[in-house]
Amino acid sequence: MTIIQVEVRRKSFGETRVTERSTPALADGEVLARIDKFALTANNVSYALSGDMIGYWKFFPVEEPWGIVPVWGFADVVESRCPAVPVGERIWGFFPMASEVLIRPGQISERSFVDEVAHRIPLPAIYNAYQRTESDPEALKAMEDERCILFPLFSTSYLLYDYLIDNDFFGARQVLVGSASSKTGFGLCNLLKRHSGARAQVIGLTSPRNQGFVRALDGCDEVCAYGEISSLDGSVLSAFVDMSGDGAIVAAIHDRFGANLKLSCAVGATHWGSERFRRESVAAPHNFFFAPGQFLKREQEWGPGEVMRRATAESARISVDMRKHMSIRRVEGPEAVAAALRELVANETPPDIGVIANVGKR
């Protein structure tokens, strides 16, 4: 049997190739899982962009200059030499863009386990945990597609939201969300607008073509096109959370708000073809938000698993709200998956389309 993989060129991830390799023989303690479905979103392109900085290329390594972009999805155990994780077990988590994956389960509990294959141990722990789905509530089992497409992004939204309220919004009276049409962006807007305590105003920044979509989601107090940033009141103390990665947009926000910008952080790069922001504001440097850092902080403060329990509950709530705003498109086969990834990189996938993919066999 062979494993089929979709790989991208690390320095030009619009270029893809499909490869095959022999399925390795299992050692004691290992399982082989067949990847049944996964999502393709802007999040995956962000993984490719930060593959060297954060180490995303290291999760499922292949020979350079190629790499495998990680995805979130479901898989079924088809071979097992780990008695605690039997054949037939259905799991949710971080997978390669491939037909199968080899996993070494450790720290096994009734609800989850961790992949303890040697090369993954030094990598961020949040990506190494797999959820065992057999005992999931039926309502959650009915949300597999949303769990692939939305939950990982809304979990990041939740960690961003928690970071802001944990720091009392950094003294800001409003939060500017760059690329509010992105799933992480509108998830954050939703959480901020529905915050039960005293909250900052939420301003969603987006392209003119996506303004109607963002307004329909009802997560923002105001929706502003990128070309209208100069019309915003620069005297208002503000926090800026940017999912776009567009240097011109970041510069426009810094120029407009100056010392009144209490926080400026980068999360993703939906505008990955644009120039990055390269200069820093003396008042507020533009720093990368590292979600696993906030995750670990809350793990220590709230106890193991609590932050993900809260994030999952909020993700489910927002996903139900999203059903009337999003359609699912399914792609099957390695060539179709590669084509869908290239379309995503070219920014040709509309924000109201969720892509569910399966590499399968040729």
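The values are calculated or read from the model by the stated rules, or taken from the named source; none is laboratory data. None of these values were measured; they are calculated from a predicted model. Counting neighbours? That spans all protein chains shown, and the Cβs are built from the backbone with ideal geometry, glycine included.
Counting the residues of the stretch 56-77 that are farther than 17 Å from residue 93 by Cβ and in a loop (DSSP other than H, G, I, E, B) gives 5.
Condition check: of a type in the set (S, T, N, Q), modelled with pLDDT of 90 or more and closer than 28 Å to residue 51 by Cβ. Does residue 281 satisfy that?
On the way: of a type in the set (S, T, N, Q): yes; modelled with pLDDT of 90 or more: no; closer than 28 Å to residue 51 by Cβ: yes.
When the stated conditions are applied, residue 281 does not pass them.
For residue 157, indicate whether it is polar (S, T, N, Q), touching a Lys or Arg at 6+ places or on another chain (Cβ under 9 Å) and buried (at least 23 other Cβ atoms within 10 Å of the Cβ). Spelling it out, residue 157 is indeed polar (S, T, N, Q), touching a Lys or Arg at 6+ places or on another chain (Cβ under 9 Å) and buried (at least 23 other Cβ atoms within 10 Å of the Cβ).
Among all residues of the stretch 105-120, there is none that is assigned to a loop (DSSP other than H, G, I, E, B) and out of contact with any strand residue (DSSP E or B) (no Cβ under 9 Å at 6 or more places or on another chain). In the condition set (1) farther than 26 Å from residue 126 by Cβ; (2) modelled with pLDDT under 90; (3) among the hydrophobic types (A, V, I, L, M, F, W, C), residue 261 is compliant with all but (2). Only one of 157, 196 is in contact with a Gly (Cβ under 9 Å, 6 or more places away or on another chain) and not assigned by TED's automatic domain parsing to the domain that holds residue 70; which? Exactly one residue qualifies, and that residue is 157. For the stretch 64-82, which positions are at pLDDT 95 or above and of a type in the set (D, E, K, R)? Once the filter is applied, which keeps residues that are at pLDDT 95 or above and of a type in the set (D, E, K, R), the stretch 64-82 yields 76, 79, 81. On inspection, residue 147 passes the criterion of being among the basic types (Lys, Arg) and either touching a Leu at 6+ places or on another chain (Cβ under 6 Å) or surrounded by 21 or more Cβ atoms within 10 Å (Cβ to Cβ) (or both).
Residues checked against (1) closer than 21 Å to residue 129 by Cβ; (2) touching a Gly at 6+ places or on another chain (Cβ under 8 Å); (3) free of Cβ contacts under 8 Å to residues at least 12 places away in the same chain:
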| residue | (1), (2), (3) |
| --- | --- |
| 286 | no, no, no |
| 309 | yes, no, yes |
| 326 | no, yes, no |
| 336 | no, no, no |
| 360 | no, yes, no |
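Yes/no per residue for (1) surrounded by 15 or more Cβ atoms within 10 Å (Cβ to Cβ); (2) of a type in the set (Gly, Ala, Ser):
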site	(1), (2)
33	yes, yes
40	yes, no
60	yes, no
65	no, no
68	yes, no
71	yes, no
77	yes, no
80	yes, yes
